There are 4 protein chains.
Amino acid sequence: MKAARLYAYDKAMNVELKIETVPEPTINSPDEVIVRVGAAGLCRTDLHIIEGVWRDEMDADGALLPYVMGHENAGWVEAVGAGVKSVKPGDAVICHPLRSCGICLDCRRGEDMYCQNGIFPGLGTDGGFAEYLLTNERALIKLNENVLPVEVAPMADAGITAYRVAKRAAKILNPGSYCAVLGVGGLGHIALQCLHELCGARTIAIERSEAARKLARELGAHHVLDGGPDVVAELKDLTGGGAHAVIDFVGELGAEQLCWQMLRKGGTHFIVGYGGQIEVPTLHIILNEIAIAGSLVGNYMELVELMELNAEGRVKMHAQQYSLDNINTAITDFKNRQIVGRGVIVP
Amino acid sequence: MKAARLYAYDKAMNVELKIETVPEPTINSPDEVIVRVGAAGLCRTDLHIIEGVWRDEMDADGALLPYVMGHENAGWVEAVGAGVKSVKPGDAVICHPLRSCGICLDCRRGEDMYCQNGIFPGLGTDGGFAEYLLTNERALIKLNENVLPVEVAPMADAGITAYRVAKRAAKILNPGSYCAVLGVGGLGHIALQCLHELCGARTIAIERSEAARKLARELGAHHVLDGGPDVVAELKDLTGGGAHAVIDFVGELGAEQLCWQMLRKGGTHFIVGYGGQIEVPTLHIILNEIAIAGSLVGNYMELVELMELNAEGRVKMHAQQYSLDNINTAITDFKNRQIVGRGVIVP
Amino acid sequence: MKAARLYAYDKAMNVELKIETVPEPTINSPDEVIVRVGAAGLCRTDLHIIEGVWRDEMDADGALLPYVMGHENAGWVEAVGAGVKSVKPGDAVICHPLRSCGICLDCRRGEDMYCQNGIFPGLGTDGGFAEYLLTNERALIKLNENVLPVEVAPMADAGITAYRVAKRAAKILNPGSYCAVLGVGGLGHIALQCLHELCGARTIAIERSEAARKLARELGAHHVLDGGPDVVAELKDLTGGGAHAVIDFVGELGAEQLCWQMLRKGGTHFIVGYGGQIEVPTLHIILNEIAIAGSLVGNYMELVELMELNAEGRVKMHAQQYSLDNINTAITDFKNRQIVGRGVIVP
Amino acid sequence: MKAARLYAYDKAMNVELKIETVPEPTINSPDEVIVRVGAAGLCRTDLHIIEGVWRDEMDADGALLPYVMGHENAGWVEAVGAGVKSVKPGDAVICHPLRSCGICLDCRRGEDMYCQNGIFPGLGTDGGFAEYLLTNERALIKLNENVLPVEVAPMADAGITAYRVAKRAAKILNPGSYCAVLGVGGLGHIALQCLHELCGARTIAIERSEAARKLARELGAHHVLDGGPDVVAELKDLTGGGAHAVIDFVGELGAEQLCWQMLRKGGTHFIVGYGGQIEVPTLHIILNEIAIAGSLVGNYMELVELMELNAEGRVKMHAQQYSLDNINTAITDFKNRQIVGRGVIVP
């Protein structure tokens, strides 16, 4: 089959993925499933993998190279292992990014991303920038019949990360309260839609890009700010004292230090983006009784719920398609911030 | 001032309220407030008071007669007691139905309706079918400047009852789950709107009146059923096994017995309407692990939250106005089910 | 192997289980595990099976007979299927009663008992009144090294049913509030211990048997009532208006109708026992804003948590042992209410 | 009356409170209450006030001096305002530290400490190091008849701060999980007792003082560590990967940086002590999905609940008494860490 493989890590990102013919995956255990890839989202984590950011944790000696990246996958079931009962060849599916075991206590709690035996196709093992992908039954969700894989692939990672944090925020937000969303990119534009579906609070989108601010307005953000130097004061003025929740999809370049300053007493700063460092006096945390909370990729049930909202047309992914042959163009466009919404690779 | 007073209880409801001139209320304690009534909603409980349903609990010997009914009030602050700080004459306000004490443990928990020292204007003591109403500071919420009292008066009771139960249901409803709403009248049409704002679940409106079904569709109910003899089977089929929550605004005439049969495993039947009797085998309750839960009038914070949704145009009361002089016509229309949405009395 | 099998249903319970030699179970799928039974609890549901109460739902034509009963099992792993990784031969384990699939949405939510593909050894398929038991990997929890199977077998069903409802009640109980427990038998004596560990509320044990009341006092119940004809009035007096939660382990013979009358405003009546019928006016439910909620057998994580409390000596099962050869004596003793705590069969 | 007043702020703490005769407080509004002080706890915040730590926020120009400190008060009602109904002269009471208004939205939510019109006797206005104290009805909780003011005064602030954070932690702690408590002083020893009452988790007390470690063991801490240089590794080893919650009563001197490192995935670091600064990479927060959350003084209902636990003998304050004449000795002992548990001033 045709696949795009990574052959070297390079901080300067001068490497290209090599489009080549590789053997198709085969089923080796009764719970495995081969998916014919319909589309695979291109994620900032893919750039970080190429740069070698994850090398130390994932592949210190480079022994895993070359491999197929791509961890936001959707397609059609091609073949199933002997024990698989819930899907059959031909079913359209989206793939939760992690192949979880279903046995460890974290799986039993429903927190698939914490799985102690998880395998993450696309991160150190073959993923979805190819014609076929190997995963397992527990990763699969059947698509509603009116939904095409290419429309939803990035929901598998970008989507559920945004959904999970929006759902957590919604739990503490009542009508009349405010939720600020920093960054209206691939995740932020999903989070805005989810917040509007999951609670009656008011949203404040904060974005430097005019195009993204326009998207935020179209998606119904109640307020849109341009993130200028006075953004904390502006937000405090607008909200009468601060937001009840701030969701930070940036997490670096100083944004992470502004977010907790935007909170009102009792508020929560949810962190999704990363790279920077939180530095805050304990006295400030206590006097304002704020919380600073990280939020990961969503679990399987969160992807199920998000796909329900998507099937009903309530939460949609804005994306731009590239053929697998053009994946290196997609990567370049992404680096140069020329993709609107999410880039999606179609084999 | 002009007021409509009740002089007798009558099961046949042949009595009329007497429109007459009575002394204006006066402030007797530092927390009291006189409100110039802008509008007062007409509630089914008013019919029940006239019928004498509440007589035994409220006024066994009729000693409270005559008095002014009307417990869904909004207007403008006319005068304030010496200790009142949060409102001033001229402020437009809506009145939480209960004058709560703020001292008892139930008030401290935020459950104003449980207040051990509460006074309920309109139920056994003078209410809002008059030019002026006496209440206290703790009952008042200032209206947003774009909101008129006449637009919101029934929110004070019908509205928050629907909001409270919708908020409780929303807590257990995720995207993809189903919430059935039985009865799309004064409360049900508010509950539908609240559910759509507070969670991502699908709503199923069940109503026998075609006009009300039409309203349900306009308000965005995802499914509308006519409540025929096969309603339980229809709903189970539609939902693939039963609803996750059912809100029963009828509570009598057999509806109360259908509702818990509509639930899927783990579901909750919320009861708001009353009159009938629940009869269910314990074995059924356990095997299906269902809950049957009553829901009361909302508390002060719930009215605050509902007024936020209303001020943003997200939840609106459908109402029909009558002058105070025509209150007996309003009552007759209500009895004859000729009012669309809620009847509102304007002095 | 030696096993006790049921050959006929009989409402009069004149049948005996037949102690005989049957083939040992064999592993037929990669997730299966054979457990050498250390002990198996005797449950009231076993009596109901013999009486034919479950016949219509489980085995209408008797085609499943004969089979080995016993669904509260603990022992040692004897053999494992090819895919099993979390346990190995020799491990001491307790068995969650259901062999769940780990794939259906109910499993993914963590509600093993709702599993759409669950198999229940001991109910219509061979269980643990034998030397060996066939189950699957997802059902097993390794015992702490200081714990013996015979000490905990009934935790697998009686224990987690009590734990689940106690945990649910604990969530709504604050220090100063009251929880009534009706019935201090096999489940009730565990629920009392769990409540004392999980929350700061006061417990009120209600029991007609003096021996069980004595046990309740030893376990630290804050109040013990004998369940006489004035029990509702006694409880209301003791609690200053009613309990915040009532856990009903009886569910029949009129107890089910007393329990909701014991609640204070906003309280919850949890039902675990069954047989009777709830009959309550909707007006009562609403005015008091009470809830009536069924509670099932606990899920896997609840058994994990209960075993932690047990391993620390905080929750213990009171039991009486019988050899497998004497199982019919155990059944007779159970029928005649001569077992203190739980009866346990040791092969 | 006799009172101890502060006349100057001094970073070196060389000032003494002046014991002198001052006018008794008088009632000026209908909700006010005069309490004859039974005892007043000495708090680290009192030292900070003397040092001038709070000067900028509370009394920048020193205009409030001289005044009576003491914000952990209990005693007997001496006189009540015209509107007071829930207490009468002679009642033994404990005083929530804040005189809250009961009208603002924060009060309505039950978060008394957020009250927008709160008055804090002992911080910038006369407190309880005197024979009489002026407060209001909303601050008072009647003591159970078997409880003396001197036994509970520090519960009013130290106690509810510990209770609030323990209750928040208990909500996320199941049997088998671990909660570390850093610092077993006036607050920490209460938190340990509360955790043992409110949940089934295991506690790990971390303390450098041998006397405090001894107290922790007596109070039933499941593990006790001495907080040496390897404390993070020790704790991770003990817990098999980290604690589910860490409560930090130190918040300075580096402890604040160790606490979040002690967490397992999904854990929460609760901060109560202050002085230091949190510095943590966003990547660490996200990958481990941890939360860092401040916790304030408890609200009124939390004090009610704590007093219930205290009245039942389940949570007790360890304290050392000083007469009002010896208050400066108490302050010196406190500075020199010579007080076991809490210091209490008896007028």
Determine the per residue accessible area of the stretch D:159-294 with all protein chains present and a 1.4 angstrom probe, expressed in square angstrom.
-> 32
In Å, the Kirkwood hydrodynamic radius of the stretch C:112-203 over pairs of distinct alpha carbons?
-> 15.4
The protein assembly as shown, Rg to Rh (Cα coordinates; Rh as Kirkwood inverse mean 1/r) = 0.96
Gyration tensor verdict on the stretch D:1-100 (Cα atoms; rounded if a/c is under 1.5, prolate if a/b is larger than b/c, oblate otherwise) | prolate
If the limit is 29 Å between Cα atoms, which of D:Lys88/D:Lys171; B:Lys85/D:Lys2; A:Lys316/B:Lys265; C:Lys2/C:Lys142 go over it?
-> D:Lys88/D:Lys171; B:Lys85/D:Lys2; A:Lys316/B:Lys265
Sorted by accessible area (1.4 Å probe), largest first, how do D:Arg314, B:Arg337 line up?
-> B:Arg337, D:Arg314
Where Lys and Arg each count +1 and Asp and Glu each count -1, what net charge lies around B:Leu263 among other residues with Cβ under 10 Å from its Cβ?
-> +2
Summarise the partner chain shielding of C:265-277 as one whole number: the mean count of Cβ atoms from other chains within 10 Å of each residue's Cβ.
-> 4
Average partner coverage of D:95-107, which counts Cβ from other chains inside 10 Å | 3
Along its principal axes, what span do the Cα atoms of chain B show, with the longest given first and each in whole Å?
-> 60, 43, 37
Between copies, how far does the label point of B:Thr329 sit from its twins, in nm, shortest first, when each point is 7 Å from Cα along Cα→Cβ?
-> 7.3, 8.5, 8.8
In the stretch D:44-122, trypsin sites (Lys or Arg not before Pro) in a DSSP loop with at most 14 other beta-carbon atoms within 10 Å | D:Lys85
Measuring from the lowest to the highest alpha carbon on each principal axis, how far does the stretch B:188-276 reach, largest first, in angstroms?
-> 28, 25, 22
Which residue is it, in chain A, that holds its beta carbon closest to the axis of the A-onto-C rotation, and how many whole angstrom away?
-> A:Gly102, 2
Average partner chain C-beta neighbours within 10 Å, per residue of D:192-202?
-> 4
Express in Å², to the nearest 10, the accessible area of B:Ser29 obtained by rolling a 1.4 Å probe over the protein heavy atoms while all chains stay in place.
-> 40
Residues whose built amide H sits under 5 Å from the amide H of C:Ile290, excluding neighbours closer than 5 in sequence, are B:Gly294, C:Gly266
If the label for B:Ala60 sits 7 angstrom from Cα along the Cα-to-Cβ line, what are its distances to the same label in every other copy, in nm to one decimal, shortest first?
-> 5.5, 6.4, 8.3
Calculate the length of the line joining the C-alpha centroid of the stretch B:255-333 to that of the stretch C:70-146, in whole Å.
-> 43
Placing +1 on each Lys and Arg Cβ and -1 on each Asp and Glu Cβ in the stretch B:166-267, then taking the dipole about the Cα centre, the residue among B:Leu253, B:Ser209, B:Gly176 whose Cα reaches farthest towards the positive end is B:Gly176
Which whole-Hz ³J(HN,Hα) couplings does the stretch B:244-253 yield from phi under the Karplus relation 6.51 cos²θ - 1.76 cosθ + 1.60, θ = phi - 60°, glycine and proline marked x?
-> 7, 8, 10, 10, 9, 8, 9, x, 7, 6
How high is the relative contact order of the stretch C:159-294, given as a whole-number percent (alpha carbon pairs under 8 Å, six or more residues apart)?
-> 21
Please turn the phi angles of the stretch C:65-70 into ³J(HN,Hα) values with the Karplus equation 6.51 cos²θ - 1.76 cosθ + 1.60 (θ = phi - 60°), one per residue in order, whole Hz, x for glycine and proline.
-> 6, x, 8, 8, 7, x
On the protein heavy atoms, probe 1.4 angstrom, tell me the percent of accessible surface of chain D carried by carbon and sulfur.
-> 48
Environment charge of D:Asn288, counting only residues whose C-beta is closer than 9 Å and scoring Lys/Arg +1, Asp/Glu -1 = +1
In whole percent, what relative contact order does chain B give with Cα contacts below 8 Å and a gap of six or more residues?
-> 18
Could you give, in nm with one decimal, how far D:Lys2 is from each other copy of that position, shortest first, with labels 7 Å out from Cα toward Cβ?
-> 7.0, 8.1, 9.4
Any idea of the total accessible area buried by the D-A contact, 1.4 Å probe, rounded to 100 Å²?
-> 2700
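The values are calculated or read from the model by the stated rules, or taken from the named source; none is laboratory data. Keep in mind the model is a prediction, meaning the values are calculated, not measured. When we count neighbours, we look across all protein chains shown, and the Cβ atoms used for this are built from the backbone with ideal geometry, even at glycine. Note: areas computed on protein heavy atoms with side chains; ligands, DNA, RNA excluded. Shrake-Rupley method; radii C 1.70, N 1.55, O 1.52, S 1.80 Å.
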